[in-house]
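Scroll down for the structure; my scribbles are underneath it.
The values are calculated or read from the model by the stated rules, or taken from the named source; none is laboratory data. Source: prediction; values computed, not measured. Cβ placement follows ideal geometry from the backbone for every residue including glycine, while neighbour counts extend to all protein chains displayed. These area figures cover heavy atoms from the full protein model, side chains too; ligands, DNA and RNA do not enter into them. Shrake-Rupley method; radii C 1.70, N 1.55, O 1.52, S 1.80 Å.
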Amino acid sequence: MTDLDLDRPVPLHPLVFLEDGDEVTIGRADVDSYGIFPGEGAALVRRLVDGDTPRQAAEWFEREYGEEVDIEDVLAGLDELDLIRDSGEVAGQKAPVRFSGLGAALFSPIAWVLYAALAGWALFAMVAHADLRPTYHNIFFSDYYMVIQVGLFVAAIPLLLLHESFHALAGRRLGVRSRLRVGRRLYYIVLETSLDGLVAVPRRQRYLPIVAGLLADVLGIAACTVAADLTRHADGTLSGPGRFLLAVAFAALLRVVWQFFFYLRTDIYVLVSTVLGCVDLHGAALTVVRNRVRRLLGKPETDESALHPADRKVARWYSWLVVVGYTLSLTTFALAGFPVLHRFVTGVIARLTGDGVPTAQFLDSAVFAAVAIAQCALLGWLMVRERVQARRDRRLHHVIH
């Protein structure tokens, strides 16, 4: 930070202020850089925005609250958030958000009626026809593993993009920008829609952008189920395309179940954190769990006073849900993931090591194994990339007190 004259007004970018209880979110909407300030800290920043010099603002703060403030430390925090303009820098202006009209239409009353009709149709079809109900057997729509793997991968791409598009458009209808990136959760490779600007939106308006992806998943499952039912053979049995659609629907259902694995910081986790007004609930919960273990082992505990008050309060019970999340994850894997994985692995090994295996099946299994190894390599690369980025970028989600 360039040394600022404490007797001259601070050149700030246009700032947004959002009060939420005793705290105020302050930041720049043009670059999605925000910080959470206590009420008195936000009042001090407002004095700077109104033209007070840092010295004048500090003197006002002392008169108003009866305590001194390290104004240079405050300025350093504002600069770290890129809220202060450098010499000659033009004040940032937020560009219009594209596709906001499409987002408004996608979540209009008429759209909600259509969504409900599609979901109701699919539910009725599953009740009436047992072969439409989700089961892991639906995954095996072909005898060739590579066909299953490639088919489900290709089919998942539009559904994943639909999921992320619903997140993005639900935010863009509120004027919030979005970015799509590749990341991971534990050993899952995921697409992520970044909606950093939601922190500057009233809390009630954040809920729909957070759960919009789940709505897209449900609609995708419903559409696949209805289409499978409509493409039956004349004798009532499922067609080849119908079996494939049910495999896609089951894979999508597993992604919906995955959202309830709180410890992976999924959409449901973000929803819970937002409803409860938390800042870093996951980090706080892990701290509480570690302290419980340390307490049992008689080791020194981590100081929890530095945690955000809301995080500290909620983590007392939410930390137990982290354990439940692991339980749900292991249960889902045992009931659905492991049977599928076991069948794939044993089948591949049998085809690669057996005698008299047809060439087509041997090549199918070899390619399948190669793709699986490539996916593991990608996961490893993402893990390394996350560690490198974590060391380079420590500015996200600042809490200034």
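Couple of notes before you dig in:
- Per-region count, region 223-247, residues of a type in the set (A, V, I, L, M, F, W, C), free of Cβ contacts under 8 Å to residues at least 24 places away in the same chain and part of a loop (DSSP other than H, G, I, E, B): 1
- Yes/no for residue 312 being exposed (fewer than 12 other Cβ atoms within 10 Å of the Cβ), part of a helix (DSSP H, G or I) and modelled with pLDDT of 85 or more: no
- Test: residue in region 335-355 that is touching a Gly at 6+ places or on another chain (Cβ under 7 Å) and part of a helix (DSSP H, G or I): no
- Test: residue in region 325-334 that is touching a residue at least 12 places away in the same chain (Cβ under 8 Å), closer than 29 Å to residue 147 by Cβ and open to solvent by less than 30 Å² (accessible area, probe 1.4 Å): yes
- Matching residues in region 340-370 - criterion: being within 14 Å of residue 147 (Cβ to Cβ) and of a type in the set (Val, Ile, Thr): 348, 367
- Residues satisfying the stated conditions in region 160-177, i.e. in a helix (DSSP H, G or I), open to solvent by less than 30 Å² (accessible area, probe 1.4 Å) and among the hydrophobic types (A, V, I, L, M, F, W, C): 166, 168, 169, 170
Yes or no, residue by residue, for (1) more than 17 Å from residue 195 (Cβ to Cβ); (2) open to solvent by less than 20 Å² (accessible area, probe 1.4 Å); (3) outside any loop (DSSP other than H, G, I, E, B):
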site	(1), (2), (3)
278	no, no, no
285	yes, yes, yes
299	yes, no, no
303	yes, no, no
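- Evaluation of residue 295 against (1) under 26 Å from residue 327 (Cα atoms); (2) within 14 Å of the chain's Cα centre (by Cα); (3) open to solvent by 50 Å² or more (accessible area, probe 1.4 Å) (one fails), failing number: (2)
- Among (1) of a type outside the set (Asp, Glu); (2) touching a residue at least 12 places away in the same chain (Cβ under 8 Å); (3) exposed (fewer than 15 other Cβ atoms within 10 Å of the Cβ); (4) more than 24 Å from residue 135 (Cβ to Cβ) - the single one residue 339 does not satisfy: (4)
- Test: residue in region 189-212 that is farther than 28 Å from residue 364 by Cβ, free of Cβ contacts under 8 Å to residues at least 12 places away in the same chain, in a helix (DSSP H, G or I) and among the charged types (D, E, K, R): yes
- Of all the listed residues (261, 250), the sole one being over 25 Å from residue 322 (Cβ atoms) and touching a residue at least 12 places away in the same chain (Cβ under 8 Å) is 250.
- Residue within region 212-226 that is over 26 Å from the mean Cα position of the chain (by Cα) and either farther than 30 Å from residue 141 by Cβ or modelled with pLDDT of 85 or more (or both) present: yes
- Inter-residue pairs, beta-carbon under 8 Å, first closer than 28 Å to residue 174 by Cβ and modelled with pLDDT of 70 or more and in region 70-94, second charged (D, E, K, R) and crowded, with 16+ Cβ neighbours inside 10 Å, 6+ apart: 81/28; 82/28; 83/28
- Residues (in contact with a strand residue (DSSP E or B) (Cβ under 8 Å, 6 or more places away or on another chain), part of a helix (DSSP H, G or I) and surrounded by fewer than 18 Cβ atoms within 10 Å (Cβ to Cβ)) located in region 31-48: 39, 46
- Any hit, region 238-261, residues being modelled with pLDDT under 85 and open to solvent by less than 30 Å² (accessible area, probe 1.4 Å): yes
- Single residue of region 104-144 satisfying the filter (among the aromatic types (Phe, Trp, Tyr) and either open to solvent by 90 Å² or more (accessible area, probe 1.4 Å) or assigned to a loop (DSSP other than H, G, I, E, B) (or both)) that is nearest to residue 343 (Cα to Cα): 140
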